[in-house]
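Asks: This is the structure I want to talk about, given as structure tokens.
The values are calculated or read from the model by the stated rules, or taken from the named source; none is laboratory data. These numbers come from a predicted model, not from an experiment. So basically every Cβ, Gly included, is an ideal-geometry build from the backbone, and we count neighbours across all protein chains shown.
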Amino acid sequence: MNMHSISKCLTVLSFIIVTIVVTGCATSYPEVEDGFQADWDSKKYHADLYLIPTAPEALARRIELVRQAKSFIDMTYFSWNKDTSGLMLFSEIKQAADRGVKVRVTLDDLLVFNEKWLAELAHHQNIDIRIFNPFDSRKMGWIGRAMDFQIHQQQLDNRLHEKYFNVDGHNMILGGRNIGDDYFGYSTEANFFDLDVIFKGDVIKAFEANFDGLWGTDYLIPIEMLVEVKQVGVFTEFEKTYRQQTENRQQVVNAINQQVQSLTEVGYTAAVVKPVFDSLEKMKDSKPYFRSRVENLMTDPVNDAKKAVISTPYLIPADNKFTIIEKLSANNAQITLITNSSASNDSGFVPAYFEKHRPLLLDMGADLYEYKDHAKNSDHFYHSDTYYHNKTFIFDDLYSYIGSSNFDPRSDFLNIEFGVLIKSPEFALTLEHYLLANKELLYWHVTQQEDGSINWQSGDESYDASPHYGGWHALPDWLIRKMNGESEL
């Protein structure tokens with residue numbers, strides 16, 4: 001077990017103790033009426049799509065677009081790390097703002113504490129940064145957040161999970177990546193296998209309307225109202241933090257700059273797409289607006305499916321039901337599931353529940369692939385611990401999905417999500433290749449034997465228990481399940 005794994009384990013144990021003490025029990029699932037959101041529909045658009053093939057290119061494309069920006073940049077992210085990638089990108093954004101580009105940023109507050117570097121940037125005349133559903137606690141770290149959550153759980157449970165990057169209404173990037181070294185392959189500790197897609201076409205206008213709709217609500221608070229800075233109009237904290245990151249990681253800075261310089265012309269794929277948005281009513285009633293809208297729009301493709309590829313970082317059922325997988329199994333569809341192994345999961349809580357659900361999924365005939373905790377992603381600059389973060393599905397090599405939702409209980413009932421349903425055999429083929437082309441390097445193939453036992457296989461390696469997920473997890477996993485917190489995951 002390496003130092004990062006040890007640190008992760010200690011963090012999980014500490015957080016379990018804090019959570020048990022201060023949060024008590026989890027929320028229950030809401031009552032959802034039959035036919036919920038059945039009358040909701042989405043307009044069809046013709047769009048051009050480009051699945052960004054590597055993690056470093058995903059950052060480089062963003063930097064390239066910012067450098068080309070002429071009018072505006074709108075962005076929404078769940079998290080924006082104060083690391084080399086995050087600060088380099090924001091430096092490019094500040095330079096765009098310096099030349100007159102209007103910048104609007106929405107960030108969820110879960111990982112925003114007393115970020116003075118970020119608050120300084122919000123005082124730039126062309127940069128507006130707003131925080132979604134903010135906590136009261138800013139200076140007491142996770143202990144303060146946990147205490148705040150205990151008092152205001154109903155208000156603070158809903159988080160903004162969208163990932164959106166729009167430059168001039170001409171290019172838009174959607175997918176699963178947040179902003180940080182670990183999403184672009186530059187972290188020395190752990191990196192995510194994730195995906196992003198560039199969109200062009202009128203579908204961008206639908207996402208602009210969604211962004212504007214959120215921007216004008218009381219759920220967003222200007223960061224300068226939450227975090228005080230010493231002087232308005234100077235960027236001392238940002239410049240100091242940026243300098244520390246870039247000076248200490250010059251090798252990464254050079255690699256990022258080289259990626260930008262080596263970018264070639266994008267080859268787009270034409271597709272018919274339908275955008276799907278969540279409802280802010282979820283903030284009041286926690287009903288599954290987004291998931292229900294997707295499922296209703298996909299009713300015929302799911303009912304008729306002969307083949308399905310479903311990818312999610314957190315394979316957790318809603319109210320103990322894998323409804324879509326059960327339907328596919330009943331129709332004898334070929335089902336491929338891709339998710340984290342228990343050892344590769346960035347959540348310390350999900351494996352405790354996934355361990356008990358795995359046999360059910362295999363009983364339904366699913367072909368299960370679990371991501372390795374030391375998967376060999378050739379595009380990552382550093383090879384260390386790895387997490388799986390791709391959220392997508394493909395039906396019958398024709399229909400696919402790109403978006404922010406994990407299709408887990410938290411995405412269904414608590415987080416604000418969006419995504420795009422895509423009809424294109426060419427894009428579906430590209431997406432499946434992106435996910436599964438390197439099975440031997442990336443995944444354990446998990447199968448159920450005739451005697452009911454479960455086997456993890458990759459090349460010559462074979463395990464009869466979750467690989468690299470030692471027996472010491474039994475106690476914390478038991479404690480986690482006792483918390484009955486599956487609806488929060």
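Asks: Report, ordered by the first and then the second residue, all pairs with beta carbons closer than 6 Å, sequence separation of six or more or different chains, a first member in segment 464-489 that is more than 26 Å from Ser286 (Cα to Cα), and a second member that is part of a loop (DSSP other than H, G, I, E, B) and charged (D, E, K, R).
Replies: Here the result reads His468/Asp373, each pair linking segment 464-489 to a residue that is part of a loop (DSSP other than H, G, I, E, B) and charged (D, E, K, R).
Asks: Same structure, new question: Would you mind stating whether Pro351 is closer than 19 Å to Phe192 by Cβ and part of a helix (DSSP H, G or I)?
Replies: Yes, satisfied.
Asks: Ala271 passes all but one of (1) within 29 Å of Gly213 (Cβ to Cβ); (2) in a helix (DSSP H, G or I); (3) over 22 Å from the mean Cα position of the chain (by Cα); which number fails?
Replies: All conditions are met except number (2).
Asks: Look through Ser91, Ser42 and report the one residue that is at pLDDT 95 or above, of a type in the set (S, T, N, Q) and part of a helix (DSSP H, G or I).
Replies: Ser91
To keep it simple, each residue is scored yes or no on (1) assigned to a strand (DSSP E or B); (2) under 24 Å from the mean Cα position of the chain (by Cα); (3) more than 26 Å from Lys163 (Cα to Cα); (4) touching a residue at least 40 places away in the same chain (Cβ under 8 Å).
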| site | (1), (2), (3), (4) |
| --- | --- |
| Glu265 | no, no, no, no |
| Arg293 | no, yes, no, yes |
| Ile316 | no, yes, no, yes |
| Thr336 | yes, yes, no, yes |
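Asks: Please list, ordered by first then second residue, the pairs with beta carbon atoms under 6 Å, 6 or more apart or interchain, first in segment 110-125 and closer than 12 Å to Phe90 by Cα, second polar (S, T, N, Q).
Replies: Between residues of segment 110-125 that are closer than 12 Å to Phe90 by Cα and residues that are polar (S, T, N, Q), the close pairs are Trp117/Thr241.
Asks: May I ask you to say which residue of Phe349, Phe395 is of a type in the set (Phe, Trp, Tyr) and at pLDDT below 95?
Replies: Phe349
Asks: Among the residues of segment 476-486, are any assigned by TED's automatic domain parsing to the domain that holds Ser311, among the polar types (S, T, N, Q) and at negative phi?
Replies: No, the conditions are met nowhere in segment 476-486.
Asks: Further question: Which number in (1) more than 21 Å from the chain's Cα centre (by Cα); (2) surrounded by 18 or more Cβ atoms within 10 Å (Cβ to Cβ) marks the one condition that Val197 misses?
Replies: (1) is the only condition that Val197 fails.
Asks: Based on what the data block shows, is Asp412 part of a helix (DSSP H, G or I), in contact with a strand residue (DSSP E or B) (Cβ under 8 Å, 6 or more places away or on another chain), of a type in the set (D, E, K, R) and at pLDDT 95 or above? Quick ask: steps written out before the conclusion?
Replies: Numbers: part of a helix (DSSP H, G or I): yes; in contact with a strand residue (DSSP E or B) (Cβ under 8 Å, 6 or more places away or on another chain): yes; of a type in the set (D, E, K, R): yes; at pLDDT 95 or above: yes.
Yes: the conditions hold for Asp412.
Asks: Scan segment 424-457 for residues that are under 19 Å from Ser341 (Cα atoms), assigned to a helix (DSSP H, G or I) and free of Cβ contacts under 8 Å to residues at least 40 places away in the same chain and report the count.
Replies: Here the count works out to 1.
Asks: Assess whether Ser466 counts as being under 24 Å from Asn331 (Cβ atoms), crowded, with 16+ Cβ neighbours inside 10 Å and in the same structural domain as Asp379 (by TED's automatic domain parsing). Give the steps one after another, and end with the answer.
Replies: Numbers: under 24 Å from Asn331 (Cβ atoms): no; crowded, with 16+ Cβ neighbours inside 10 Å: yes; in the same structural domain as Asp379 (by TED's automatic domain parsing): yes.
No, not satisfied.
Asks: So, one more: Every residue in segment 60-100 that is among the hydrophobic types (A, V, I, L, M, F, W, C) and either without any contact (Cβ under 8 Å) to a residue 60 or more places away in the chain or in the same structural domain as Phe418 (by TED's automatic domain parsing) (or both), please.
Replies: Across segment 60-100, the qualifying residues are Ile93, Ala96, Ala97.
Asks: In addition: Can Phe381 be described as under 14 Å from the mean Cα position of the chain (by Cα), assigned to a loop (DSSP other than H, G, I, E, B) and over 20 Å from Pro467 (Cβ atoms)?
Replies: no
Asks: Are any residues in segment 111-126 assigned to a helix (DSSP H, G or I) and of a type in the set (A, V, I, L, M, F, W, C), and if so, which ones?
Replies: Kept after step one, since they are assigned to a helix (DSSP H, G or I), are these residues of segment 111-126: 116-122.
Within segment 111-126, Trp117, Leu118, Ala119, Leu121, Ala122 qualify.
Asks: Counting only residues that are among the charged types (D, E, K, R) and in a helix (DSSP H, G or I), which one in segment 274-291 is surrounded by the fewest Cβ atoms within 10 Å (Cβ to Cβ)? Reasoning before the result, please.
Replies: Step one: of segment 274-291, the residues among the charged types (D, E, K, R) are 274, 278, 281-282, 284-285, 287, 291.
Narrowing further to those that are in a helix (DSSP H, G or I): 282, 284-285, 291.
Numbers: Lys282: 20, Lys284: 10, Asp285: 12, Arg291: 25.
This residue is Lys284.
Asks: Just to check your reading of the model, which residue among Asp379, Asp451, Asp412 is in contact with a Pro (Cβ under 8 Å, 6 or more places away or on another chain) and surrounded by fewer than 15 Cβ atoms within 10 Å (Cβ to Cβ)?
Replies: After ruling out the rest, the residue left standing is Asp379.
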